[in-house]
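Heads up: the structure comes next, in structure tokens.
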Amino acid sequence: MKSFMSDSIDLRNCSIEELEKLSVQLGEKKFRGKQIFEWIQKGIEDIDEMTNLSKNFKNKLKKVSYANDMDILKVLESKLDGTRKYLMALRDGNIIESVMMKYKHGNTVCVSTQVGCKMGCGFCASTIDGVVRNLTSGEIVGQVLSIQKDIGERISNVVLMGSGEPLDNYEGVIKFLEIINDPLGLNIGMRNITLSTCGIVPKIIDLAQKKLQITLAVSLHAPNDEMRNKIMPINKVYNIKKLLDSCEKYIKKTNRRVTFEYSLIRGFNDSLDNALELSQKLNGMLCHVNIIPLNEVNERNLKGSTRERAYEFQRILKKNGIDATVRREMGSDIDAACGQLRKSYIERAKNNEYCELK
């Protein structure tokens with residue numbers, strides 16, 4: 001492993017082992033790395049507040065590292081359900097967004113994994129301007145820590161469903177999962193983490209090899225290749241058969257049920273025949289279908305189906321042996337779908353109905 005001493009280090013991006021190595025390189029005992037990790041995971045952003053480190057060590061640490069690389073620019077809170085949407089500025093000036101949702105079982109944060117997205121899905125706001133770069137694992141961890149500090153309550157669940165394709169940032173995402181799962185840190189159980197992908201087949205197979213107990217959510221959104229090709233360019237590389245084959249391998253390796261996300265687009269993929277075709281495609285698979293009323297995007301000429309149609313769609317799936325639920329809408333009054341706030345902020349667009357906290 002190369003020396004840490006050449007660049008300024010984001011402490012949120014470091015595992016315990018990496019912080020132990022850094023401590024030794026700075027002339028301290030190895031166990032100091034574990035102490036630094038615990039402080040970072042408690043949300044401490046000022047190295048001077050790490051009270052069990054000597055002043056000399058803290059001074060050396062400040063010369064080569066930092067403990068916070070993002071600022072909360074804006075927070076919007078839904079008047080309907082308390083969902084909060086965060087706009088955050090990174091160290092290099094790039095802007096990302098995250099969402100916090102309150103449930104009876106705890107607080108869930110939806111994190112971004114890239115600045116923008118390159119996957120080109122035809123119903124998504126975050127991909128309109130393409131991808132800028134991957135986020136580091138520390139920048140993904142930072143979203144969780146920043147929101148936890150802001151609300152003053154523990155974050156118990158994480159979903160990787162914000163801007164970006166998580167499996168296009170595979171190494172950064174895997175390290176993020178390991179950091180937030182660490183018992184000395186946020187200690188978020190793998191079963192409380194959901195990773196959403198549009199279907200990068202080789203990476204799904206790589207992920208299966210790790211046998212993590214996370215929930216894999218696959219963005220399907222169509223029952224056949226002809227339809228999926230029109231809204232998801234990835235399907236021209238990895239068609240539905242290849243995708244479902246990789247999901248079967250994932251299930252076999254992990255013994256975990258796969259969730260298929262299906263956004264209902266009015267007049268496109270929401271017919272009862274579409275539901276029947278989907279049930280036939282998924283027949284016999286250990287899976288669940290999450291039916292999502294489409295989050296409409298101004299730049300996309302697509303309309304969401306009614307909730308009545310969503311429940312009819314669900315009924316057909318269940319009648320044919322496919323477990324399915326209709327997702328509860330969260331933060332609908334603040335455009336809580338990924339990419340929408342970032343884009344409107346960049347364009348200086350404002351909505352007077354937002355409840356501004358900052």
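Residue by residue, here is whether (1) of a type in the set (A, V, I, L, M, F, W, C); (2) touching a His at 6+ places or on another chain (Cβ under 8 Å); (3) closer than 22 Å to I334 by Cβ holds:
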residue	(1), (2), (3)
R91	no, no, no
S98	no, no, yes
C110	yes, no, yes
G116	no, no, yes
D129	no, no, yes
Residues of the range 318-340 being at pLDDT 70 or above and in a helix (DSSP H, G or I), in sequence order, are K318, K319, S332, D333, I334
Restricting to the range 33-88, give me the number of residues that are surrounded by fewer than 21 Cβ atoms within 10 Å (Cβ to Cβ), among the basic types (K, R) and under 26 Å from the mean Cα position of the chain (by Cα).
3
Among the residues that make up the range 111-125, is at least one of them in contact (Cβ under 8 Å) with a residue 24 or more places away in the chain, farther than 24 Å from N157 by Cβ, of a type in the set (D, E, K, R) and surrounded by fewer than 20 Cβ atoms within 10 Å (Cβ to Cβ)?
yes
Being charged (D, E, K, R) and modelled with pLDDT of 95 or more is true for just one of K102, K21, K2. Which residue is that?
K21
Could you please find all residues in the range 290-305 being surrounded by 13 or more Cβ atoms within 10 Å (Cβ to Cβ), in contact (Cβ under 8 Å) with a residue 40 or more places away in the chain and either among the basic types (K, R) or over 16 Å from D273 (Cβ atoms) (or both)?
N290, L294, N295, V297, R300, L302, G304
Checklist (1) within 26 Å of G189 (Cβ to Cβ); (2) among the hydroxyl-bearing types (S, T, Y); (3) over 23 Å from the mean Cα position of the chain (by Cα) applied to S98, failing item:
(3)
Kindly state which helices (runs of 4 or more DSSP H) lie completely within the range 11-85 and contain at least 2 residues that are of a type in the set (S, T, N, Q) and over 18 Å from F176 (Cα atoms).
16-25, 55-64
Out of (1) within 13 Å of the chain's Cα centre (by Cα); (2) part of a helix (DSSP H, G or I); (3) surrounded by fewer than 24 Cβ atoms within 10 Å (Cβ to Cβ), the odd one out for E171 is which?
(1)
Evaluation of A275 against (1) small (G, A, S); (2) over 19 Å from D168 (Cα atoms); (3) out of contact with any helix residue (DSSP H, G or I) (no Cβ under 9 Å at 6 or more places or on another chain) (one fails), failing number:
(3)
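The values are calculated or read from the model by the stated rules, or taken from the named source; none is laboratory data. What you see is a predicted model; the values in this text were computed from it and never measured. We place every Cβ from the backbone using ideal geometry, glycine too, and count neighbours over all the protein chains shown.
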